[in-house]
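Chemist: Got a structure for you, questions after.
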Amino acid sequence: MLPTETPAPTETVEKPVETTAQVVEQEPEEAFDKDRAMLTIHKLREFEKNAKKELKELETLKAEKSKRDEAEMTESQRNQKRAEEAEAKAAKLEADIIRRDVIAETGLPAIFADRLKGTTKEEMLADAQELAKTLPTVKTAPHLSASNPNGASPNETDAQKRERLFGKQGNPFDMESIKAKGGGVVFNK
């Protein structure tokens with residue numbers, strides 16, 4: 001909330017409190033005054049600069065206070081604080097492990113791990129089963145694979161692939177294989 005106009009420090013302005021309806025009735029609309037508008041803009045910019053400086057100073061003071069409070073803590077208080085932080089971290093890790101186990105057990109996608117509700121494994125399992133009921137199931141043909149529709153082996157070499165696609169090729173210079181296939185030109189010796 002920025003004030004539109006601040007009085008000078010030497011001035012003391014005391015006006016009776018008026019409602020907006022009284023102000024509208026009393027004051028006719030003023031004409032635009034460029035100099036007064038620029039003066040107001042400059043005052044607002046100066047106010048913003050001061051507010052930013054004060055905000056930085058406030059942040060440094062808060063940081064110093066927290067350091068001072070930390071230094072004034074007794075050793076037992078520091079140990080208590082560390083123990084509470086360690087317990088909170090351990091509880092979070094334990095809950096994450098349970099979520100991971102429940103996701104693996106139910107077969108849900110891992111993205112749903114954060115959405116599971118409950119504190120115990122049984123509660124999370126029940127929630128995961130309810131969540132699994134709402135997910136659509138995808139049905140695919142059992143004999144076809146999207147990445148391997150013709151049943152070829154993924155470890156197939158290029159020579160094996162050519163043989164599978166074009167049949168067994170013989171040596172074009174072997175006369176016996178040429179005769180066996182019923183082709184070629186045979187010269188008498």
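Chemist: Look at THR60 and say whether it is more than 30 Å from LYS121 (Cβ to Cβ), at pLDDT 90 or above and β-branched (Val, Ile, Thr).
Modeler: Against the criterion (more than 30 Å from LYS121 (Cβ to Cβ), at pLDDT 90 or above and β-branched (Val, Ile, Thr)), THR60 qualifies.
Chemist: Still on this model: Using the structure shown, decide if LYS53 is among the basic types (Lys, Arg), touching a residue at least 12 places away in the same chain (Cβ under 8 Å), over 30 Å from THR119 (Cα atoms) and in a helix (DSSP H, G or I).
Modeler: It is false that LYS53 is among the basic types (Lys, Arg), touching a residue at least 12 places away in the same chain (Cβ under 8 Å), over 30 Å from THR119 (Cα atoms) and in a helix (DSSP H, G or I).
Chemist: Further question on the same structure: Scan region 104-118 and report the pairs whose first residue is in a loop (DSSP other than H, G, I, E, B) and whose second residue is at pLDDT below 85, with Cβ atoms within less than 9 Å and a gap of 6+ or a chain change.
Modeler: Taking only residues 6 or more apart or on different chains, the pairs are LEU108/LEU135; PRO109/LEU135.
The values are calculated or read from the model by the stated rules, or taken from the named source; none is laboratory data. This is a predicted model, so every value here is computed, not measured. All Cβ positions, even for glycine, are placed from backbone atoms using ideal geometry, and neighbour counts span all protein chains on display.
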